[in-house]
Every structure is written in structure tokens, then in C-alpha cells.
Amino acid sequence: MARVIKFPVTPPEKLGPKKVKRKKRRPDLEDYGQMNLFAGPAKEGRLVSLPQSDSFFEEALSLDEQNDPEAEKYYLLAIQHDQSVVDAYCNLGILKSQQNELAKSIDYLTKCLELNPRHFEAHYNLANVYSDMGNFPLAKTHYEVSINIDPDFPNGYYNLGLVLISLKKYKEAIDAIDQYIIRSPDNDHKIASELIKTLKSFA
């Protein structure tokens with residue numbers, strides 16, 4: 001008879017999405033090393049009328065941080081005007097996942113990965129979506145890719161650990177959650193430590 005793991009306190013939830021934030025970029029480069037064809041005098045002729053920022057993407061970020069639904073419109077305008085297209089697709093994918101439009105979320109996140117296959121946030125957030133859908137093998141793959149791209153981001157390890165639990169790979173789950181503990185602040189360790197203690201009796 002299979003043993004059922006009883007999680008400590010309450011069943012742990014996966015850690016949330018990671019949006020692409022403002023990045024310092026060289027003025028002649030855009031979107032992960034691509035040359036900005038609009039750099040120089042030609043860029044000055046572009047008509048952008050925004051109240052607090054110099055691009056549709058920046059305005060979308062500002063609205064997004066305030067949970068303003070207008071953010072979606074500005075991310076789409078950013079894509080239309082070739083402004084931080086990759087990152088705009090990623091953040092749109094997160095918005096759609098939060099609206100429980102998971103198919104559309106996957107569409108946006110995979111468009112992001114078509115343009116940049118090593119986009120860290122897209123892999124991590126796509127893993128979250130697949131985890132929400134119960135597609136744990138695909139979630140595992142994308143968490144692992146995100147960890148390979150940015151091995152210092154702790155949340156990927158924790159969420160990977162939860163996916164591995166769902167796949168009944170308890171030893172691997174312990175290793176992943178251990179890595180989360182190593183990389184995260186001490187005050188975030190209580191649930192993770194209790195989870196490892198429980199898992200060790202099943203590994």
C-alpha cells in the first residue's frame with residue numbers, strides 16, 4: 001500500500017512568478033545583445049507620448065507594478081513598436097497566467113522563447129504554468145533549464161522540489177529544496193526545512 005506524505009502545517013504552495021524588470025542597457029543594444037536599428041538621430045523622430053516614461057514597455061512596467069489592467073495594453077504596444085519585445089511577451093504571459101488564461105499564457109511565453117531560447121524568466125514562469133496545469137514533466141524541464149541559466153535564483157529550486165514530490169522523486173526533491181535553503185534568506189527556511197524532514201522518511 002502506498003504511503004501518503006502528510007505535509008507539515010499546510011501543503012506548501014509554489015513560489016510565485018518572476019517578472020522582467022527594468023534593465024540597464026547600452027543605448028546601442030536592445031533585447032539581449034541585438035543591435036538597435038533605431039539608435040542615433042533616427043530614433044529622435046519617433047512619436048511617443050507617455051506621462052512618466054520614455055517607452056511603452058517602461059509604462060507597462062509602471063502600470064503592472066500598480067496592478068493596473070492597462071499594463072496589458074502597453075505591453076502589446078511595446079511589441080507593436082519593437083520595444084523590449086522579448087520581455088513584453090514574458091510579462092504578458094505572467095499576466096495571462098494570473099488571469100487563469102493558461103493557454104494564452106503559454107502562447108506568450110513560448111513566443112518569448114522563440115525569440116530568445118535562453119530567456120530565464122520565460123522558462124521559470126512557463127514552468128509555473130505547467131505546474132499549475134499538473135503537467136509536472138514539462139514543469140520539471142523548464143525549472144531545470146531556468147536553473148541552468150541562473151543557478152543563483154532560489155525559487156526555481158523550491159518549485160522544482162515541489163514538482164519532484166509530485167513525481168514521487170523524493171531524493172531529488174530533497175536535493176532541490178536543500179539548494180533553495182542554501183540560496184535563500186534564513187527567515188524563508190521554516191517550511192522548507194520541515195518539508196525536507198518529512199521527505200527524508202520517504203526517500
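Can you go through Ile181, Ile191, Ile149, Ile174 and tell me which one is of a type outside the set (Asp, Glu) and in contact with a Pro (Cβ under 7 Å, 6 or more places away or on another chain)?
Only one candidate qualifies: Ile191.
Just one of (1) at pLDDT 95 or above; (2) farther than 23 Å from Asn67 by Cβ; (3) open to solvent by 30 Å² or more (accessible area, probe 1.4 Å) fails for Ser193. It is (1). In the stretch 124-146, the count of residues that are over 15 Å from Lys18 (Cα atoms), touching a Pro at 6+ places or on another chain (Cβ under 8 Å) and touching a residue at least 40 places away in the same chain (Cβ under 8 Å) is zero. Taking the stretch 73-88 as the range and being open to solvent by less than 40 Å² (accessible area, probe 1.4 Å) and farther than 8 Å from Ala60 by Cβ as the test, the residues that pass are Ile79, Gln83, Ser84, Val85, Val86, Asp87. Contact map, the stretch 180-192: first residue under 19 Å from Ile147 (Cα atoms), second residue among the charged types (D, E, K, R) and at pLDDT 90 or above, Cβ cut-off under 9 Å, separation 6 or more or different chains; pairs are Arg183/Asp152; Ala192/Asp178.
For the stretch 167-203, a tally of residues being farther than 18 Å from Gly16 by Cβ, over 20 Å from the mean Cα position of the chain (by Cα) and of a type in the set (S, T, N, Q) returns 3.
For the stretch 92-150, the candidate set comprises residues that are acidic (Asp, Glu) and assigned to a helix (DSSP H, G or I); within that set, the residue that is surrounded by the fewest Cβ atoms within 10 Å (Cβ to Cβ) is Glu114. The residue of the stretch 155-177 that is nearest to Ser131 (Cα to Cα), among those that are out of contact with any helix residue (DSSP H, G or I) (no Cβ under 7 Å at 6 or more places or on another chain) and surrounded by 15 or more Cβ atoms within 10 Å (Cβ to Cβ), is Leu162.
For the stretch 143-165, state whether one or more residues are more than 20 Å from the chain's Cα centre (by Cα) and farther than 29 Å from Leu95 by Cβ.
no
The values are calculated or read from the model by the stated rules, or taken from the named source; none is laboratory data. All values reported here derive from a predicted model rather than from experimental measurement. With ideal geometry, Cβ positions are generated from the backbone for all residues, glycine too; neighbour counts draw on all protein chains shown. Just the protein is used for accessible areas: all its heavy atoms, side chains included, with ligands, DNA and RNA removed. Shrake-Rupley method; radii C 1.70, N 1.55, O 1.52, S 1.80 Å.
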